[in-house]
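Below is one structure; the comments refer to it alone.
The values are calculated or read from the model by the stated rules, or taken from the named source; none is laboratory data. Since we're looking at a predicted model, the values are computed, not measured. In this analysis, Cβ positions are derived from the backbone assuming ideal geometry, glycine residues included, and neighbour counts consider all displayed protein chains.
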Amino acid sequence: MIDHLRYSTLKPSRLSYFLVLLFCAVFVGIGGYSALTMEHAGHIITGMNNHIVWGLPHVFAVSLIVAASGALNGASLASVFGVSHYKPIARLSVALAMSLLVGGLLVLVLDLGRPDRLIVAMTTYNFRSIFSWNIFLYTGFLVIGAWYLWMMLEKRFNRYTLLAGRIAFAWRIVLTTGTGCIFGFLVGRNALDSALLAPLFVALSLVMGTAVSVLVMIMLDRWRSVLIDKQLLDSLQRLLVWFLLALLYFSVVHHITNLYVSEHHDVERYMLLGGLSLTFWLGHIVIGVLLPLSLLVFRSASVSDCKRLAISSLLGLLGGSALLYVVIIGSQSTPQDLFPGKTVLASTFGDAGFPAYQPSVWEWGLGFGGVALAMLLCLLLLRILPLLPELRASLTASPE
Amino acid sequence: MLPNKAQAARRLFLQRLGVFSAATALPALLSSTVDAQSSTKGVSSAQRWGLLIDTSKCASGCDACVRGCHEEHGINSTGNEHTDAQWIRKIDLQNNLSGQKSSLPMMCQHCESAPCVDVCPTGASFKRADGIVLVNKHTCIGCRYCVMACPYKARSFIHEPISDQKSWAPRGQGTVESCTLCVHRIDAEKDQQPACAVACTDEAHSAILFGDLNDPDSDIVKAMANQPASQVRSDLQLNTGVRYVKL
């Protein structure tokens with residue numbers, strides 16, 4: 001039956017569809033207004049300063065970018081690994097991945113000091129910079145994603161789907177590795193100077209991407225009054241468990257290796273016991289990993305599979321963002337140790353202290369604007385292109 | 001299934017979208033690349049400008065170098081030290097073992113292998129042939145990756161509009177800046193001393209010595225021959241242009 005899938009565009013049938021559209025449009029407007037205000041007044045209206053130069057917009061942008069890479073899971077599993085019950089969501093998976101990436105990149109660009117100079121970034125490259133390579137990785141992801149989608153949409157090109165899927169799969173791994181390397185290559189900052197950040201980001205992308213895909217899929221199926229495929233539901237639950245374990249593994253190894261190196265002790269003390277310890281332990285470890293893991297492993301009969309997966313995904317997303325907050329903000333909140341063996345008695349620019357960071361409303365506005373734009377773009381693609389399977393209801397459906 | 005007419009319209013839309021995207025991507029395909037460590041016409045690598053800072057002469061509580069730098073480059077405090085530009089700052093230290101106290105100015109160390117130059121996506125952060133690390137204000141996009149990469153916390157992002165600029169020290173909201181080693185003075189070839197060194201001498205401390213690190217007859221090289229000078233974060237092997245005595 002799966003081989004004879006027919007796809008259609010998203011038909012607006014529920015009031016909640018229009019409410020989501022309106023909600024997203026309002027937040028895109030708020031995001032746009034925030035960006036314009038920041039562009040006009042400067043970053044002085046944000047909570048950022050010369051200690052914390054990458055703030056909340058970076059947390060949103062990186063969350064969206066790693067989620068984009070992970071959202072491609074559905075398509076990769078269907079095309080590259082030949083898991084047939086993922087085929088119905090393959091097209092949606094690619095569309096969602098592209099939309100999330102555009103949302104993330106827009107936040108990143110609008111948070112630049114000079115977003116009007118984007119053309120400079122697009123035409124002048126320093127190939128020693130991993131940032132430059134990432135520009136190619138991001139634009140390349142969009143091009144490959146569009147090509148992949150085209151191969152899936154066009155019946156006569158369906159035979160190229162496997163090739164496109166393989167290239168997209170390799171590209172997304174490189175992309176997330178590259179994003180991790182942006183942080184991992186910063187040798188001057190003890191909290192970031194680690195090659196482990198690259199695989200950590202890959203694991204994070206698998207968790208966040210799967211989580212976003214699950215939530216979007218459940219929302220769409222509710223709108224279309226379609227029951228989610230039981231086989232798919234089971235598989236997604238198992239996958240999320242493995243991805244969460246991988247994330248926990250890399251996170252633990254990252255901190256253990258840091259604890260082994262005495263020059264990183266101050267940073268680790270701050271991350272694990274200091275200012276951001278609550279975000280790390282409660283946000284990343286408890287909410288982001290342990291709670292969803294226990295929900296998915298010790299399955300309670302009173303909670304439906306669908307609800308359990310939705311809650312776990314939501315928690316995984318929150319926890320993933322908390323981890324990125326700790327990585328991005330935490331690495332800047334700890335003093336850079338310029339003088340080993342010496343104590344800084346006084347500094348005219350806070351060399352000894354832990355700078356405070358309070359994100360402003362403009363940063364929240366820009367960040368949520370990016371999320372809303374990604375959603376809006378995804379809904380637009382679903383509206384104009386036949387990306388949703390028509391026969392989902394007739395697949396093996398869960399009794400719920 | 002959509003009717004044929006709608007399908008045809010969608011195909012036309014997608015075709016046009018493809019043509020538009022290709023046209024937009026064309027500039028990127030024809031783009032130029034920049035070298036991370038570019039040379040500059042008119043400046044010779046025969047020289048390498050640097051500073052030697054004697055921490056035993058630098059007085060705690062004295063910020064003449066900071067004031068001198070700010071006056072020279074038109075850097076005015078906005079009242080918020082966390083967002084103010086910090087081209088040069090004073091740090092007081094105490095040795096954990098001996099308890100010995102010292103004071104020193106910290107600024108861009110004008111590294112030979114500058115991390116800020118390596119990470120800059122547009123090549124706006126660049127190193128001149130004579131070793132001075134600068135920011136091209138016209139191509140800096142304000143991504144702040146160089147601020148993240150600098151091991152010395154020597155770079156500042158400009159958070160708000162700037163007024164009363166000096167013609168020799170152009171600055172701009174939304175871009176990054178740092179110590180230029182008073183490149184305008186060096187290029188003018190009349191008073192080659194950077195403002196911080198002049199201010200320190202005027203204060204009778206003479207803790208900052210400026211000169212050509214490639215010239216064996218220069219005062220700076222002679223001074224370095226007489227007393228060991230070290231680099232801050234020498235473990236990173238960046239070969240800094242700023243060295244410290246009795247660090």
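A compact table of results
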| quantity | calculated |
| --- | --- |
| Out of B:LYS153, B:LYS166, sole residue that is among the charged types (D, E, K, R) and out of contact with any strand residue (DSSP E or B) (no Cβ under 8 Å at 6 or more places or on another chain) | B:LYS166 |
| Single residue of A:ARG128, A:ARG156 found to be over 23 Å from the mean Cα position of the chain (by Cα) and more than 19 Å from B:VAL119 (Cβ to Cβ) | A:ARG156 |
| Meets criteria (assigned to a helix (DSSP H, G or I), among the hydrophobic types (A, V, I, L, M, F, W, C), more than 14 Å from chain B (Cβ to nearest Cβ) and farther than 29 Å from A:LEU233 by Cβ) for A:VAL28 | yes |
| Hey, A:SER321 among the hydroxyl-bearing types (Ser, Thr, Tyr), over 22 Å from the mean Cα position of the chain (by Cα) and more than 27 Å from B:VAL232 (Cα to Cα) or not | no |
| Unmet requirement for B:LYS137, which otherwise passes all of (1) more than 8 Å from chain A (Cβ to nearest Cβ); (2) in contact with a Ser or Thr (Cβ under 7 Å, 6 or more places away or on another chain); (3) surrounded by 24 or more Cβ atoms within 10 Å (Cβ to Cβ) | (3) |
| Filter pass, A:LYS155 being within 14 Å of another protein chain (Cβ to nearest Cβ) and charged (D, E, K, R) | yes |
| Qualifying residue in the stretch A:333-343 (condition: of a type outside the set (Phe, Trp, Tyr), more than 9 Å from chain B (Cβ to nearest Cβ) and not in a loop (DSSP other than H, G, I, E, B)) | yes |
| Qualifying residue in the stretch A:251-266 (condition: under 30 Å from A:PHE354 (Cα atoms), hydrophobic (A, V, I, L, M, F, W, C) and in contact with a helix residue (DSSP H, G or I) (Cβ under 8 Å, 6 or more places away or on another chain)) | yes |
| Hey, A:PRO292 touching a residue at least 12 places away in the same chain (Cβ under 8 Å) and not in a helix (DSSP H, G or I) or not | no |
| Filtered residue count, the stretch B:157-194, keeping only those that are surrounded by fewer than 23 Cβ atoms within 10 Å (Cβ to Cβ), in contact (Cβ under 8 Å) with a residue 40 or more places away in the chain and among the small types (Gly, Ala, Ser) | 1 |
| Filter result (out of contact with any Pro (no Cβ under 9 Å at 6 or more places or on another chain) and either under 15 Å from B:ILE75 (Cα atoms) or among the aromatic types (Phe, Trp, Tyr) (or both)) within the stretch B:173-206 | B:THR175, B:VAL176, B:GLU177, B:SER178, B:ALA195 |
| Among the candidates B:SER218, B:SER234, B:SER206, residue that is away from chain A (no Cβ under 14 Å) and farther than 18 Å from B:ASP130 by Cβ | B:SER206 |
| Hits in the stretch A:45-83 - residues which are over 20 Å from A:VAL207 (Cβ atoms), assigned to a loop (DSSP other than H, G, I, E, B) and in contact (Cβ under 8 Å) with a residue 24 or more places away in the chain | A:THR46, A:GLY47, A:MET48, A:ASN49, A:ASN50, A:HIS51, A:ILE52, A:VAL53, A:TRP54, A:GLY55 |
| Selection status of A:PHE127, surrounded by fewer than 21 Cβ atoms within 10 Å (Cβ to Cβ) and under 30 Å from B:ALA124 (Cα atoms) | yes |
| Residues of the stretch B:147-183 classified as facing chain A (nearest Cβ under 7 Å), touching a helix residue (DSSP H, G or I) at 6+ places or on another chain (Cβ under 7 Å) and under 13 Å from A:ASN49 (Cα atoms), total | 3 |
| Residues within the stretch A:337-367 that are farther than 28 Å from A:MET38 by Cα and in contact (Cβ under 8 Å) with a residue 40 or more places away in the chain, tallied | 2 |
| Options A:ILE65, A:ILE45, A:ILE2: the member that is among the β-branched types (Val, Ile, Thr), modelled with pLDDT of 95 or more and over 28 Å from A:LEU175 (Cα atoms) | A:ILE45 |
| Number of the exception - A:LEU186 against (1) outside any helix (DSSP H, G or I); (2) surrounded by fewer than 21 Cβ atoms within 10 Å (Cβ to Cβ); (3) aliphatic (A, V, I, L, M) | (2) |
| Residue match in the stretch B:116-134 (condition: surrounded by fewer than 18 Cβ atoms within 10 Å (Cβ to Cβ), more than 9 Å from chain A (Cβ to nearest Cβ) and either outside any loop (DSSP other than H, G, I, E, B) or of a type in the set (A, V, I, L, M, F, W, C) (or both)) | yes |
| Helices (runs of 4 or more DSSP H) fully within the stretch B:137-238 counting 1 or more residues that are among the acidic types (Asp, Glu) | B:183-188, B:195-202, B:219-226 |
| Test: A:PRO355 is under 30 Å from B:LEU104 (Cβ atoms) and of a type outside the set (Lys, Arg) | yes |
| Yes/no for A:LEU387 being of a type in the set (A, V, I, L, M), within 14 Å of chain B (Cβ to nearest Cβ) and surrounded by fewer than 19 Cβ atoms within 10 Å (Cβ to Cβ) | no |
| Boolean, A:PHE141 is farther than 30 Å from A:ILE44 by Cβ and within 7 Å of chain B (Cβ to nearest Cβ) | no |
| In the stretch B:88-111, residue nearest to the other protein chains (Cβ to nearest Cβ) [restricted to those that are in contact (Cβ under 8 Å) with a residue 60 or more places away in the chain and within 14 Å of B:ALA197 (Cα to Cα)] | B:MET106 |
| Residue in the stretch B:205-221 that is under 30 Å from A:ASN49 (Cβ atoms), touching a strand residue (DSSP E or B) at 6+ places or on another chain (Cβ under 8 Å) and modelled with pLDDT of 95 or more present | yes |
